[in-house]
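A short write-up of the structure that comes next.
The values are calculated or read from the model by the stated rules, or taken from the named source; none is laboratory data. Every value quoted in this text rests on a predicted model; they were computed, and no experiment measured them. Cβ placement follows ideal geometry from the backbone for every residue including glycine, while neighbour counts extend to all protein chains displayed. Remember, those area values only see protein heavy atoms, side chains included, never the ligands or the DNA or RNA. Shrake-Rupley method; radii C 1.70, N 1.55, O 1.52, S 1.80 Å.
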Amino acid sequence: MKVLVVGSGAREHAIIWKLKKSNRVSKLYAAPGNAGIANLCDCVNLKADDLEGLKNFALSEDIDLTVVGPEVPLVMGIVDLFKKNNLRIFGPTKSGAEFEGSKSFTKAFLEKYKIPTAKFLEFTSLEAAKEEIDLLGYPLVIKADGLAAGKGVVICQNRHEALEAVHDMMDEKVFGRAGEKVVFEEFLTGIEASVLCFVDGKTIVPMTSAQDYKKAYDGDLGLNTGGMGAYSPSVLFDENLEKHIEEKILKPFIKGTQCEGIDYKGIIFIGLMIKNNEAKVIEFNCRMGDPETQVVLPRMENDLMDVIDACIDGTLDQIVLEWSEEKTVAVVLASGGYPGEYEKHQVIRGLEDVDDVLVFHAGTMNQGNEIVTNGGRVLNVVAKMDNVEAARQKVYENVSKIQYKDMMYRSDIAKL
Ligand code: AMP
Ligand code: GLY
């Protein structure tokens with residue numbers, strides 16, 4: 001089979017690494033890929049949001065399957081476009097991707113199907129938002145409705161900060177159209193964890209759990225980022241919690257999509273807040289997590305192609321997912337200044353010196369004979385060992401062999 005993977009992050013590098021192990025895959029392409037992905041397959045110079053370009057490439061190269069990594073093409077409707085052209089593709093349609101594309105859509109769905117989540121209010125006018133600003137108390141979580149590259153959530157400690165946040169979103173339009181509608185949410189306390197699930201329209205199967213570290217600095221300080229590291233499985237999970245999640249979240253999710261006429265196929269990523277062995281949904285994403293994928297796929301023992309086929313063909317009930325007993329830890333190496341401003345094109349050294357770890361590339365590119373930085377998150381170093389502490393040590397031993405100017409990373413990932 002000829003497979004095209006859309007995206008250019010460490011998540012896509014991990015997906016390609018895993019697909020490459022399948023003897024059913026004869027040829028792999030990535031669009032646009034990065035320097036690490038280029039070592040595994042052909043990179044095509046098409047951006048992830050160039051839906052027409054991707055469709056034309058898939059048609060002209062007789063691609064048998066396209067796997068979509070990031071949310072933007074899904075929310076734009078890449079799956080609908082490919083299906084219209086009789087191209088096989090893995091991911092939800094535009095209507096399914098609304099779970100990530102609109103917070104207000106998701107909150108209404110959660111409420112309708114009685115899935116535990118934070119109390120909320122939504123507004124399309126600044127005046128109405130200001131009038132009810134104190135209603136849910138403080139801290140208050142204010143969210144831009146649409147996609148905002150992970151930056152559209154503000155946790156406001158007081159009325160002053162809340163007024164500033166709604167003003168920025170609705171008046172200044174700092175997130176463009178994404179902020180035309182805003183959602184206020186009650187602030188939840190607890191520990192966050194992510195559950196990624198495969199879905200085939202009728203059956204939902206959770207993968208092993210993972211825990212992401214979202215804040216920029218050690219001790220969970222600093223701004224929210226895309227994720228600075230992860231480990232799997234999460235220590236929070238046990239049989240009781242898994243049962244609770246299945247009954248209260250997964251079953252109503254699939255029933256709800258069916259009642260709403262959404263034929264949801266692909267991945268649903270469920271961001272949870274866990275407290276007292278109970279989970280509430282913070283968010284849904286319509287794609288795999290980054291960096292969660294980088295710790296989950298190395299533990300997966302199934303052929304990923306078989307699972308993807310089962311999702312598309314509606315036969316997921318026949319698949320049993322199997323996971324290695326070993327534990328994984330991923331540490332993200334970022335560019336100094338991330339998630340704010342940072343410099344690009346710094347030469348990366350030491351990649352050839354690492355051993356016993358996987359290095360998944362994110363923002364990297366080839367420049368002459370060198371690999372240089374090309375984004376905020378640059379590399380993921382991943383180890384798989386008998387226990388989390390051993391994996392953690394192995395990762396950090398190898399991190400110290402890699403250098404580039406202003407390299408930044410957290411030193412407390414998976415410190416349990
Ligand atoms: P979201 O994009 O909705 O996942 O929000 C991004 C991050 O903001 C989450 O990962 C949480 O750390 C935080 N967050 C979002 N909603 C809430 C909430 N209701 N209570 C506490 N923290 C939240
Ligand atoms: N790691 C969080 C996300 O992928 O959205």
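A compact table of results
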{"item": "Value of relative contact order over the range 1-111, rounded to a whole percent, pairs C-alpha under 8 Å and six or more apart", "result": "24 percent"}
{"item": "Rounded to the nearest 20 debye, dipole of the chain from Cβ charges on Lys, Arg, Asp, Glu", "result": "380 debye"}
{"item": "Cα gyration tensor category, rounded, prolate or oblate, for the chain with a/c compared to 1.5", "result": "rounded"}
{"item": "Rg and Dmax [Cα atoms of the range 313-371; Å; Rg one decimal, Dmax integer]", "result": "18.0, 49"}
{"item": "Pairs beyond 20 Å (Cα-Cα), from LYS114/LYS255; LYS143/LYS415; LYS151/LYS181; LYS112/LYS255", "result": "LYS143/LYS415"}
{"item": "Contact order relative to length of the range 1-65, as percent, for alpha carbon pairs under 8 angstrom and 6 or more apart", "result": "38 percent"}
{"item": "GLN403 versus GLU164: modelled label distance in nm, points set 7 Å from Cα along the beta carbon direction", "result": "3.9 nm"}
{"item": "Selection from ILE191, ILE133, VAL347, by position along the positive dipole direction of the chain (Cβ)", "result": "VAL347"}
{"item": "Cα gyration tensor category, rounded, prolate or oblate, for the range 127-223 with a/c compared to 1.5", "result": "prolate"}
{"item": "Inter-centroid distance (Cα atoms) of the range 334-357 relative to the range 366-383, Å", "result": "6 Å"}
{"item": "Relative packing of 382-391, 139-148, 273-282, which averages over residues the other C-beta atoms within 10 Å, highest first", "result": "139-148, 382-391, 273-282"}
{"item": "Net charge contributed by nearby residues that have their C-beta within less than 11 Å of LEU316 (K/R +1, D/E -1)", "result": "-3"}
{"item": "Antiparallel DSSP beta bridges within the chain, as percent of all bridges there, nearest 5", "result": "80 percent"}
{"item": "Highest average packing first - 367-380, 62-75, Cβ atoms within 10 Å", "result": "62-75, 367-380"}
{"item": "Long-range amide H partners of VAL44 with built H, under 5 Å", "result": "ALA30, ALA31"}
{"item": "Of all accessible heavy-atom area on the chain, the percent that carbon and sulfur account for (1.4 Å)", "result": "47 percent"}
{"item": "Magnitude of the charge dipole, the range 1-49, Cβ model with Lys/Arg +1 and Asp/Glu -1, debye to 20", "result": "260 debye"}
{"item": "Local electrostatic count at GLY337 - Lys and Arg +1, Asp and Glu -1, tallied over other residues with Cβ under 9 Å", "result": "-3"}
{"item": "In sequence order, calculated HN-Hα J values of the range 330-339 (Karplus, 6.51, -1.76, 1.60; Hz; x Gly/Pro)", "result": "10, 10, 8, 9, 10, 8, x, x, 4, x"}
{"item": "Heavy-atom surface of the chain, accessible at 1.4 Å and reported per residue (Å²)", "result": "43 Å²"}
{"item": "Length-normalised contact order of the range 94-224 in % [C-alpha pairs under 8 Å, at least 6 apart]", "result": "22 percent"}
{"item": "The range 248-299 versus the range 96-164: alpha-carbon centroid distance in Å", "result": "19 Å"}
{"item": "Shape call, the range 29-132: gyration tensor on alpha carbons, a/c limit 1.5", "result": "prolate"}
{"item": "Top positive-direction residue, dipole computed over the chain with Cβ charges, set LEU416, VAL5, GLY152", "result": "VAL5"}
{"item": "Extreme residue, positive dipole direction of the range 43-121, given options PRO92, ALA118, PRO73 (C-beta unit charges)", "result": "ALA118"}
{"item": "Chymotrypsin sites (Phe, Trp or Tyr not before Pro) within the range 307-368: DSSP coil, no more than 12 neighbouring Cβ in 10 Å", "result": "none"}
{"item": "Check: the range 156-217 dipole with +1 on Lys, Arg Cβ and -1 on Asp, Glu Cβ, in debye", "result": "220 debye"}
